[in-house]
Amino acid sequence: QGRVALALAAALRPGAAYVPPRAVGPRRRPLARGRALTLAVPPQRLVVDTAPRTDESTATTSNDDDDDDDATSPLTMMMPPTRSSSSSKPPARLRHHVNPLTEKYAKPIELPENWVRRAFADPELPTTIDVGSALGGWILDTASADSSSERNYLGLEIRPAAVEIAVRKWELCGSPRNAAFLRANANVDLPRILSDLPLADRVLFMFPDPHFKVKHRKRRVVTPKLARAVGDHLLETARRTGRPGMAYVVSDVLDLAEDMRRVLREHSGLRETCEHGQWLAERPPEISVPTERERAVLAGLGKTSTEPGRCFRALFRADPPPPGA
């Protein structure tokens, strides 16, 4: 149809010639359901699986199964609901931005009572939560680099397609039992997740969506309500364990970094490690592995960075009460 339209347009213009576009070969037909497509890409890249999907009701039923002896992957319950195998629609594309305030993301996620025990080999270990884990690169890199395996790592991501990719990468990395992912809206689900985890003492907000437009800034993840929930939990954990908790924010967008730091400063129980409005020059020792975004920013590849090659970092501690207090 497009070639016919161009030919007609050329015919209506005297002296104009119609040159057909260069042939690019026959149009590729979509893969039949049940076949797998593997991309020949470098390690730590993406493997796409077009195997048949279960419907949402089936996924929900499997999530409520409390049988610990099943042979399924421990992260099967944390896969996002996917469309029915009878659907003719192609897989949803990975969106870079979503509106967390819409109704579809405002509903709390449903998790079985024993989800922590099913997610981690040792659920009693201290847990680091990466809020906005994207495709899971940092979680998997850090879990693999943690040779002591004395810490669990949980990635929270609001986009279902991103969580599905992260889980498939988790499988390619050998299914480490100290790493897991959840499709969750932090502003809705994080308080419940914190209460379920026996020892969540580190919460990280690394390069969240800046939502540049003024009218969209209400979508930013670090809100006063969320900061209160995180601060209160870290203080309670520090009181129980006698070890300080940690909240860490980093962005290459100065306005967003200042906004996150200002909100966390309002919590009286959180102590900022840098004084006089300074930013951390380096990552804290607890963050040994940079994110993919941080590597790109430090290499000068951040197109939206406020200052090329610079990250704005702030670290807050939740200190345990002094002895006898």
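The values are calculated or read from the model by the stated rules, or taken from the named source; none is laboratory data. In this text the structure is predicted, and so the values were computed from the model without any measurement. A quick note on method: Cβ atoms are made from the backbone with ideal geometry, for glycine too, and the neighbour counts reach across all protein chains shown. Just the protein is used for accessible areas: all its heavy atoms, side chains included, with ligands, DNA and RNA removed. Shrake-Rupley method; radii C 1.70, N 1.55, O 1.52, S 1.80 Å.
For the pair K215 and E103, a Förster radius of 25 Å applied to the C-beta separation gives a FRET efficiency near 0.85, rounded to the nearest 0.05. The accessible surface of the range 95-158, taken with every protein chain in place and a 1.4 Å probe, is 50 percent carbon and sulfur.
Using packing as a proxy for protection, rank 151-157, 262-268, 315-321 so that the peptide with the highest average count of other Cβ atoms within 10 Å comes first.
On the way: 151-157: 25.3, 262-268: 15.6, 315-321: 18.9.
In decreasing order of mean packing, 151-157, 262-268, 315-321 become 151-157, 315-321, 262-268.
Projecting the Cα positions of A186, W170, L135 onto the charge dipole of the range 128-256 (unit charges on Cβ atoms of Lys, Arg, Asp and Glu, taken about the Cα centre) puts A186 furthest along the positive direction. Just so you know, the averaged projected area of the alpha carbon convex hull for the range 218-274 sits at 4.1 nm².
Per the Debye formula on identical point scatterers at the alpha carbon atoms of the range 128-246, with no solvent, log10 I(q)/I(0) at q = 0.10, 0.14, 0.19, 0.21 Å⁻¹ is -0.31, -0.61, -1.06, -1.23. Computed over the range 176-307, the percent of Cα pairs more than 20 Å apart is 51. Could you list the residues of the range 283-322 with an amide nitrogen less than 17 Å from a label point located 7 Å from the Cα of E275 in the Cα-to-C-beta direction? Answer for this model: 315-317.
Using r as the Cβ-Cβ distance of L199 and D232, and R0 as 22 Å, what FRET efficiency do you calculate, to the nearest 0.05? All intermediate terms of the calculation are to be shown ahead of the outcome.
Details: r = 15 Å, r/R0 = 0.70.
With R0 = 22 Å, the Cβ-Cβ based efficiency is 0.90.
Using 1/(1 + (r/R0)^6) with R0 = 30 angstrom and r between the beta carbons of L254 and S288, what's the FRET efficiency to the nearest 0.05? My answer for the efficiency is 0.75.
The protection proxy used here, the mean number of other Cβ atoms lying within 10 Å of each residue, ranks peptides 180-190, 96-106, 294-304 as follows, highest first: 180-190, 294-304, 96-106. In percent, rounded to a whole number, the relative contact order of the range 111-209 is 38, using alpha-carbon pairs under 8 Å and six or more apart.
Rounded to the nearest 20 debye, the dipole size of the range 172-325 about its Cα centre is 420 debye, using +1 on the Cβ of Lys and Arg and -1 on the Cβ of Asp and Glu.
Would you mind telling me the share, in percent, of accessible area of the range 167-325 contributed by carbon and sulfur at probe 1.4 angstrom?
On the way: 3910 of 7590 Å².
Summing carbon and sulfur atoms, their accessible area is 52 percent of the total for the range 167-325.
Once the mean of 1/r is taken over each pair of separate Cα atoms and inverted, the range 240-325 shows a Kirkwood hydrodynamic radius of 14.1 Å. Computed from label points 7 Å out along Cα-Cβ, the spacing between T223 and H96 is 2.5 nm. A 1.4 Å probe run over the protein chains yields, for the range 172-325, 48 Å² of accessible area per residue, whole-number rounding.
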